[in-house]
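**Q** Quick one: the structure is below, questions incoming.
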Amino acid sequence: MGSRLFPLATTFVIFILAYALCYAQFPNMLSTRVIGNLLTDNAFLGIAAVGMTFVILSGGIDLSIGSVIAFTGVFLAVTMGEGGVPPLFAILLVLAITTAFGALMGAMIHYLAMPPFIVTLAGMFFARGMAFLISTDSVPIRVELYDTLQDLYFRMPGGGRLSFVGMAMLAVVVAGIVIAHFTSFGRNVYAIGGNRQSAELMGVPIARTTILIYALSSFLAGLAGIAFSLYTSAGYSLAAVGVELDAIAAVVIGGTLLTGGSGYVAGTLLGILIMGLIQTYIVFDGTLSSWWTKIVIGLLLFSFIALQRGLVWLSARRRGAAAIPA
Amino acid sequence: MTLPTTIRRVLPQLVALFVILALNTAIAPGFLDIAFANGRFYGSLIDILNRGAPVALLAVGMTLVIATKGIDLSVGAVMAIAGAVAAALITSDHSLAATILATLGVGIVCGLWNGALVAFLGIQPIIATLILMVAGRGIAQLITEGVILTFNDPGLVFVGTGAVFGIPFPVILWVAIGIAASVLFRTTALGLLVEAIGINRRASSLAGIGTSALLLAVYAASGLCAAVAGIVAAGDIRGADANNAGLWLELDAILAVVVGGNSLMGGRFSIAGSLIGAMIIQSVNTGILLAGFPPEFNLVIKAAIIVVILVVQSPASQTLFAFMKSRPRSEEDAAAPVREPEKEAAR
Amino acid sequence: MRAEDGSLAPAAGRFVSGRVMIGSEMLLRAEGISKQFLGVTALSNVDFDLAAGEVHALVGENGAGKSTLIKILTGAYRRDGGRIVLAGKPIDPSDVMDAQELGIGTVYQEVNLLPNLTVAENLFLGREPKRFGLTNRSEANRRSREILGQYGLDIDVTSLLATYSVAVRQIVAIARAVDLSGKVLILDEPTASLDAAEVSRLFSILDGLKQRGLGIVFITHFFDQVYRIADRVTILRNGHKVATRPIEGLKRIELVSLMLGRELQEQEAHVAEPVDRSQKPVVASFKALSKNGQIAPFDLEMRAGEVVGVAGLLGSGRTETAELMFGIHQPDHGTIEVDGKPVTFASPRDAIAHGFGFCPEDRKLDGIVEDLSVRENIVLALQARRGWAKPLPRKEQEAIADRYIEALDIRTSDREKPIKFLSGGNQQKVILARWLATDPRLLILDEPTRGIDVGAHAEIIRLIGELRQRGMSLLVISSELEEIVAYATRVRVLADRRHTGELPAGEISADAIMRAIASAEDETSGGGAGEGRAAEILREGTA
Amino acid sequence: ADMTVGFSQIGSESGWRAAETTLTKQQAEQRGIDLKFADAQQKQENQIKAIRSFIAQGVDAILLAPVVATGWDQVLEEAKDAEIPVVLLDRQVDSSDDLYLTAVGSDLEHEGEVAGDWLVKEVGDKDCNVVELQGTTGSSPAIKRKAGFEKAISGHDNVKIVRSQTGDFTRTKGKEVMESFLKAENGGQDICALYAHNDDMAVGAIQAIKEAGLKPGSDILVVSIDAVPDIFLAMENGEANATVELTPNMAGPAFDALEAYKSDGTEPPKFIQTESKLYTQSDNPKAIYEEKKNQGY
Ligand SMILES: Nc1ncnc2c1ncn2[C@@H]1O[C@H](COP(=O)(O)OP(=O)(O)OP(=O)(O)O)[C@@H](O)[C@H]1O
Ligand SMILES: Nc1ncnc2c1ncn2[C@@H]1O[C@H](COP(=O)(O)OP(=O)(O)OP(=O)(O)O)[C@@H](O)[C@H]1O
Ligand SMILES: [Mg+2]
Ligand SMILES: [Mg+2]
């Protein structure tokens, strides 16, 4: 057990160390403000990343989430605005739509035996295209529900805010952990990720699980879209471009294997926080030009992953595991 | 690999291509016309061949990477770097030869970096190459300082816009490189070894295949192709646009490889298939432009067409066509995409 | 052959069990089962029936269709024709889950569990004990320990299955299937990688299940096991059912010829004739080689024209020994010399460059390259050694492939068939061929005859002898002592990850080896599931 | 009074953007302002993160070049709570204007109008089929510059847009799309003018036109927006006809306003509009190119 949690622990240690370093350089990075922001600003990414974690655990990938987030925002803005649809109804509606969309992708992946990468890539084009068709403008959202939710936050000592979306993200992570580790569905996800053939021969319902996985991912993407629209109180068809890559990066930094079958939802949260930390650090530094920003992000990404690999590799060597990569 | 078998391997792709072209002809009456104006052939078909060049070039390298069960997200960024390097060198008046050699060198270095992360650090390809995808564009902008480095060197411009016997040079480039790669990998044992790695890396290294070296080589090849594509793209607009050159092109390249009938799970591969795939995608793009719909429709149309192509090509539906009775989901078929026979023919 | 050394004469090891009610309505009946694979006929019109409380053995050559038949019975494959009746009701399991719900538990041929899950999770996948709607891990773990306890396997059920050997995984797979099976238990070569102790423990459990009225289908290539446990036997050949016979009164010779369709000249009791190593040249010598936690320091000197048999219990470190010798793992200490010159192996590639070959234990993971054709799988190692720039001409490849398909009698419709479509035993032969094709000076075989049928088994033993004659140096790991006796010119005995002793040419016999193992296990205060097993083995051997 | 100013820039998607960044940094240096720069890589969330971190750091003022008009209320309120004045650069937001100190920028729609008016005047009452290269679909410049242009030509039925596609503000796409326009419009014979939402696309399109054997600037009129150096080269060669300047120096006025506000609390007007100057071939493009080319474009 301990040995299995090792990558997770490693990631956590790395995060703490990194934060300490940042603190050493910019003392007020330890303020509750920064911590609050870290949660609020990455809430939608975190929610989506939880879904991505399940997909990746099953050995798949979902490139559509960024577009789905954008679609959700635009859909909500237009329906609640011009459409005059009651907010709660609009929200339920959009979640239903995104979930169905995911289920459809899952079905194509399973029944047509098509690679997830491609199916969800098409899904990515499609969802954003739909957003364009609804509206190319960025549409402001002005409904009480949103105002009330936005004013819903804990004020932490030191002026930091634990906002509603932030809390929502944490809630989703917890839910994700429970689903992943304490339900049969969770087992099945790991099983399929471990070895599809074997899972099938052990009686795992491949079709149902696969469809559920992508439905869940899209559902959470929809949720993330709502969080994003709360966050910006608007819907915009160009929003959240490339979020899928951030999510994938977060999941992998969190110690989940893209080959599937091993990883932790909790790790994904760490991954999100690490990525957020990188962003925050760069802004605090404030001397980086546009290009150096990109380069530094890349380098930090690299050093985190390399460090992780190194530590895991060392421990593996101590336990004398196979030298040949699987 | 004798010709007919190769053809058979890529038959579904060819069919798809012709269907798309037919559609385009229906949309745009003059689609098939080819004129010969000021020293070069001229027409929508030529445009497709020409505009598809960058993706086709990327697809060659990408095919090899994917055959090893990898993926290379960095090619777009490498294109940008290559363009920037080429522009920077040529404008600081180095010779054309030096410029091009240096640029290709840079591309190979980028590839080696990716390869090293994958082969030695054992970082998963998507992430390993994601790093360069992010940082690479930064590096390119660092070189150009965010502006479009314009140049007028006839040689470099020729790579992007020139024509030989009326055929645009980029077209000659990707066809030549495609053939060269196929020949290299099929007349030597490289093809077999690469496929083995892609299918079962453990077993391959136990069988004595130098997996690390091969992975390095394959990613380097991808970097090289990206560099060539970068030069083409820069030459085409007489400038290096570090901000936008090759942006999101990695996705089109991967798409091309898959539309070309290659499996993202690695193993059997066909470069010819990928090249046709690239042309299919470009035909779709050009078709959309010619159709004259408002741009909001572009993505939806593209998505729809891709889905249709892939569904028709998907192992499952092929199984359906092949033998109606066997169930798509039953194991032997899941285990054995029915492309198998043709794939074999391709060897 | 298998244990033809009298010690395990047919009825001897056999468990006395409840009479089988032949004829009367059967628990499971399959009629006219047929299956085609892309042109290959795997099964044509096969009938099979199973009574409650009987063990029905299913035997046949590699590729005869055994696995296919059970995959059809359990819904893993779709049958092309025929019907299946379970307890009077016609059934049509559309997938494995169906079959499980109908009370059919199965161990498929390749150990089909999930290395990335814990042992407990593997045992309870799909039927996790629940509390408040959530899975109850502690409960699952507790029950897992219980279950595995019955198999004398005392391992940490909360660690990943991947950390255990093929053998342990196999035991877990069996335990899962047994636990799942309400009516019918199907075992496809479950004992392929088990040692005598494990086997007898399995059999006593099966006997218990018989008493409870379960029907058990048992596929194996070990005839002595057929005679020990089975009540009836059905023989398949090339996808056809040849016969179904009660075991009593069925002569072994008869069974073999029914299976092969020809007489097998019995070169059984044969023992490799002793050779005088002293004047044979040393091929490679391994001095004080060791790796922490895997294997204690050992010396080994491999000479041309000798076959070193390696015997030991599960987890005794045989595979580890081989892996160090072949450069898969790098030793912490010790030196390797080839032709008297010191060398270091950074990877198998280096070892191969020095003329080594290694046929791994885990065929599926380390052996076959699924999508490549039989031809390509055979030439792979050879091609790798030549390097990419010197491709074997297609003609030559085909010649090589055909030669070994012929020599090892590999059953495949043609050499261009992807290896993943071959039957388990035939895959094993292909991997063997891969290494023979490189004509190594030192060939290491880890469980080379796992899942190989009688005919081919005899063939491989002959082959090993022949290779030795030709001056090759071989190290062969096997859990089948009789087999070791048949080809080893000396025997290394391992216990608890240590090389504890060696039997020189003259003294090799199944008994001797077993005694050596047992005593070794006892003094090395038994690792893993140590002492008890040693004692049992003695009993087994000298019954 | 040296102050710390946080600058949240959209990213670096075009030469113009790079120039704006460079000039902002230059301006800050000249005035001894400590500028904290944050590149948002085209992502609104990153801009919001940046502003929040600026607030957390307690900067004295914030410059924001918003990637999109909507969704700033919350973070601008937070800035207001922290009593940090915010100045918007080159694009507007649709939040109430008491949330920010002032907005420096041009009127995107007006730019489109200027371009349209020029074309209308240029063609007089000849019939003119215009092809339009739009900016990135959904981006506010694309939407507004299209609207402005259409407004300008609305009264004049002889001028009409026959084809309109997005060129993503890039040269490559500009060229590719122009090629298809030429094919679709009878080899370009039927095209009288090209309106590009930025100069980069125009430069790309000009090459396409030349490769098609037509003369940009005469066979096909070319009018675009931004006034980046390269378009002046094209004008010099008579290949482009007109461009509308969008000055990259938004920071100058912004800092002026800030300094005034800091020193004696003078409230600047809520919108400081920069001039949308029209340049044509008659404005000595060579000279303008020379002066512009080292402004960090
Ligand atoms: N998925 C498949 N696709 C094509 N052919 C197959 C497939 N599975 C099995 N076959 C063929 O069916 C025949 C029977 O295979 P099967 O695995 O049932 O043999 P077996 O009796 O289990 O042999 P072994 O003792 O080696 O396990 C073989 O010729 C094999 O090549
Ligand atoms: N009966 C057992 N109880 C506990 N652990 C075991 C048992 N058998 C094997 N193992 C584990 O398997 C690993 C060693 O198995 P391995 O197969 O490598 O040894 P081996 O000597 O090669 O045995 P074999 O080759 O016969 O499987 C060790 O991790 C060991 O703990
Ligand atoms: Mg079998
Ligand atoms: Mg072993």
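**Q** What FRET efficiency comes out for D:Asp219 versus B:Ala97 if R0 is 41 angstrom and r is the Cβ-Cβ distance? Round to the nearest 0.05.
**A** Calculated transfer efficiency: 0.65.
**Q** Placing +1 on the Cβ of each Lys and Arg and -1 on the Cβ of each Asp and Glu in chain B, which of B:Gly246, B:Asn24, B:Thr144 has its Cα farthest towards the positive end of the resulting dipole?
**A** About the Cα centre, the residue reaching furthest to the positive side is B:Asn24.
**Q** While we're looking at this one, here's another question. So for the pair C:Ile253, D:Glu259, with labels modelled 7 Å out along Cα→Cβ, what separation do we get in nm?
**A** Once both label points are built, they end up 11.4 nm from each other.
**Q** Given a Förster distance of 30 Å, report the FRET efficiency between D:Ile161 and B:Ala304 from their Cβ-Cβ distance, rounded to the nearest 0.05.
**A** It comes to 0.70.
**Q** Another one. Quick one: Karplus J couplings for region A:190-197, per residue in order, coefficients 6.51, -1.76, 1.60, θ = phi - 60°, nearest Hz, x for Gly and Pro?
**A** Values, residue by residue: 4, 4, 4, x, x, 6, 4, 4 Hz.
**Q** Please give the charge dipole size of the protein assembly as shown, origin at the Cα centre, charges +1 on K and R Cβ atoms and -1 on D and E Cβ atoms. Round to the nearest 20 debye.
**A** The calculated dipole for the protein assembly as shown is roughly 3780 debye.
**Q** If you don't mind, there's one more thing I want to ask. Find the Rg to Rh ratio for the protein assembly as shown, where Rh is the Kirkwood radius over alpha-carbon pairs and Rg uses the same atoms.
**A** A ratio of 1.02.
**Q** Next question, about the same structure. Give me A:Asp285, A:Asp151 ranked fewest to most by other Cβ atoms within 10 Å of their Cβ, as a rough exposure proxy.
**A** A:Asp151, A:Asp285
**Q** Sorted from largest down, give the three principal axis spans of the alpha carbons of chain A, whole angstrom values.
**A** Sorted from largest, the Cα extents of chain A read 64, 54, 37 Å.
**Q** Which one of C:Ser290, C:Pro129, C:Ala167 has its Cα pushed farthest toward the positive end of the charge dipole of chain C, where Lys and Arg give +1 and Asp and Glu give -1 at the Cβ?
**A** C:Pro129
**Q** Compare B:Gly260, B:Gly30, B:Gly107 in a GNM of chain B, Cα atoms joined below 10 Å, and give the one with the largest fluctuation.
**A** B:Gly30
**Q** Right, another one. Kirkwood Rh over Cα pairs of region B:5-291 into Stokes-Einstein at 25 °C, 0.890 mPa s: D in µm²/s?
**A** Once the numbers are plugged in, D ends up at 129 µm²/s.
**Q** Okay, next question. Please give, to one decimal in nm, the separation of the simple spin-label points placed at C:Thr344 and C:Ala407, each 7 Å out from Cα toward the Cβ.
**A** It is 3.5 nm.
**Q** Continuing with the same structure: Would you mind calculating the relative contact order of region B:5-291 from Cα pairs under 8 angstrom and at least 6 residues apart, reporting the percent as a whole number?
**A** After rounding, I find 38 percent.
**Q** Right, next: Just the number, please: Stokes-Einstein D of region B:11-129 in µm²/s, Kirkwood Rh from C-alpha pairs, 20 °C, 1.002 mPa s.
**A** Rounded, D is 123 µm²/s.
**Q** Additional query: Normalised by the number of residues in region D:128-247, what is the relative contact order in percent for Cα pairs under 8 Å and 6+ residues apart?
**A** Normalised by residue count, the contact order of region D:128-247 is 25 percent.
**Q** Please list, by residue number, every one of the chymotrypsin sites (Phe, Trp or Tyr not before Pro) in region C:77-167 that is coil in DSSP and has at most 12 other beta-carbon atoms within 10 Å. It would help to have the intermediate numbers written out before the result.
**A** Numbers: sites: C:Tyr77, C:Tyr108, C:Phe124, C:Phe132, C:Tyr151, C:Tyr164; in loops: C:Tyr77, C:Tyr108, C:Phe132, C:Tyr151, C:Tyr164.
Sparse-neighbourhood loop chymotrypsin sites (Phe, Trp or Tyr not before Pro): C:Phe132.
**Q** Return the sequence-ordered ³J(HN,Hα) values of region B:19-28 in whole Hz as given by the Karplus equation 6.51 cos²θ - 1.76 cosθ + 1.60 applied to θ = phi - 60°, using x for Gly and Pro.
**A** Calculated HN-Hα couplings, in order: 4, 4, 4, 4, 3, 4, 4, 4, 5, 10 Hz.
**Q** A further question on this structure: Net charge near C:Ala407: determine it from the other residues with C-beta under 11 Å of the C-beta of C:Ala407, scoring Lys and Arg +1 and Asp and Glu -1. Each step should come with its number before you reach the end.
**A** Details: positive: C:Arg403, C:Lys429, C:Arg462; negative: C:Asp402, C:Glu406, C:Asp409, C:Glu459, C:Glu466.
Here the charged neighbours net out to -2.
**Q** Now for a separate question. Using helices alone, I'd like the mean residue ellipticity at 222 nm for the protein assembly as shown: each DSSP H run of four-plus residues gives -39500 (n - 2.57), total over residue count, nearest 500.
**A** Calculated at 222 nm, the ellipticity per residue is -17000 deg cm²/dmol.
**Q** Given H placed on each backbone N at 1.01 Å, which residues far from D:Leu278 in sequence or on other chains put an amide H within less than 5 Å of it?
**A** D:Glu245
**Q** Considering Cα pairs under 8 angstrom that are at least six residues apart, work out the relative contact order of chain C and quote it in whole percent.
**A** 16
**Q** Give me the base-10 log of I(q)/I(0) for chain C at each q in 0.06 Å⁻¹, Debye formula, one uniform scatterer per Cα, rounded to two decimals.
**A** One equal scatterer on each Cα of chain C leads to -0.29.
**Q** List every residue whose amide H lies under 5 Å from the amide H of B:Leu149, counting only residues 5 or more places away in sequence or on a different chain, with H placed 1.01 Å from N in the peptide plane.
**A** Here the answer is B:Ala240, B:Ala242, since their amide H atoms fall under 5 Å of that of B:Leu149.
**Q** List D:Lys146, C:Lys66 from most exposed to least, where exposure is judged by having the fewest other Cβ atoms within 10 Å.
**A** D:Lys146, C:Lys66
**Q** Could you name the lysines whose alpha carbon sits less than 22 Å from that of D:Lys175, not counting residues in the same chain fewer than 8 places away?
**A** Those lysines meeting the cut-off are B:Lys302, D:Lys146, D:Lys160, D:Lys183, D:Lys210, D:Lys215.
**Q** Can you tell me which aspartates and glutamates have their Cα less than 17 Å from the Cα of C:Lys66? Leave out same-chain residues fewer than eight positions away.
**A** Within the straight-line limit of under 17 Å, C:Lys66 reaches these aspartates and glutamates: B:Glu331, B:Glu332, C:Glu31, C:Asp47, C:Asp49, C:Asp80, C:Glu110, C:Asp188, C:Glu189, C:Asp453.
**Q** What distance in nm lies between label points placed 7 Å from Cα along the C-beta direction at B:Ala22 and B:Val183?
**A** Modelled inter-label distance: 3.5 nm.
**Q** Okay, next question. Can you work out ³J(HN,Hα) from phi for every residue in region C:132-146, in order, using Karplus 6.51 cos²θ - 1.76 cosθ + 1.60 and θ = phi - 60°, giving whole Hz and x for Gly and Pro?
**A** 6, x, 9, 5, 10, 4, 4, 4, 4, 4, 4, 5, 4, 4, 3
**Q** From the cross-link list C:Lys35/C:Lys364; D:Lys36/D:Lys277; D:Lys144/D:Lys286, which pairs have alpha carbons spaced over 26 Å apart?
**A** On the way: C:Lys35/C:Lys364 24 Å; D:Lys36/D:Lys277 31 Å; D:Lys144/D:Lys286 30 Å.
Going by Cα-Cα distance, D:Lys36/D:Lys277; D:Lys144/D:Lys286 fall outside the 26 Å limit.
**Q** Moving on. Just tell me how shielded B:136-144 is by partners: mean number of partner chain Cβ atoms within 10 Å of each residue's Cβ, no decimals.
**A** Numbers: counts 3, 7, 15, 5, 2, 10, 6, 1, 4.
So the per-residue partner count for this stretch is 6.
**Q** Let me ask something else. What does the charge count near B:Gly266 come to, summing +1 for each Lys or Arg and -1 for each Asp or Glu among other residues with Cβ under 12 Å from its Cβ?
**A** The answer is 0.
**Q** Quick one: go through region B:271-294 and flag any residue whose amide nitrogen is under 19 Å from the point 7 Å out along the Cα-to-Cβ line of B:Leu32.
**A** B:280, B:283-284, B:286-288, B:290-291
**Q** Moving to a separate point now. Charges only on Cβ, +1 for Lys and Arg, -1 for Asp and Glu: so what's the dipole of region C:369-438 about the Cα centre, in debye to the nearest 20?
**A** Working: 13 positive and 10 negative charges, 48 e Å.
Its charge dipole is roughly 240 debye.
**Q** Suppose every K and R has +1 on its Cβ and every D and E has -1 on its Cβ; what is the size of the dipole of region D:1-46 about the Cα centre, in Debye to the nearest 20?
**A** It works out to roughly 40 debye.
**Q** Please order A:Ser303, C:Ser193, B:Ser274 by the number of other Cβ within 10 Å, starting at the fewest.
**A** With the sparsest Cβ surroundings first, the list reads A:Ser303, C:Ser193, B:Ser274.
**Q** Amide H of C:Asp49: which non-local residues (sequence gap of 5 or more, or other chain) have their own amide H closer than 5 Å, using H built in the peptide plane?
**A** Those qualifying (amide H under 5 Å, at least 5 residues apart or on another chain) are C:Ala30.
**Q** Compare the Cα positions of B:Ala256, B:His94, D:Thr170 along the charge dipole of the protein assembly as shown (+1 at Cβ of Lys, Arg; -1 at Cβ of Asp, Glu; about the Cα centre) and return the one farthest towards the positive end.
**A** Value computed over the given set: B:Ala256.
Only the coordinates and a few stated rules stand behind these numbers; no lab work does. Note that the coordinates shown come from a computational prediction; the quantities given were computed from them, not determined experimentally. Heads up, the Cβs are rebuilt from the backbone with ideal geometry, glycines too, and the neighbour counts pull from every protein chain shown.
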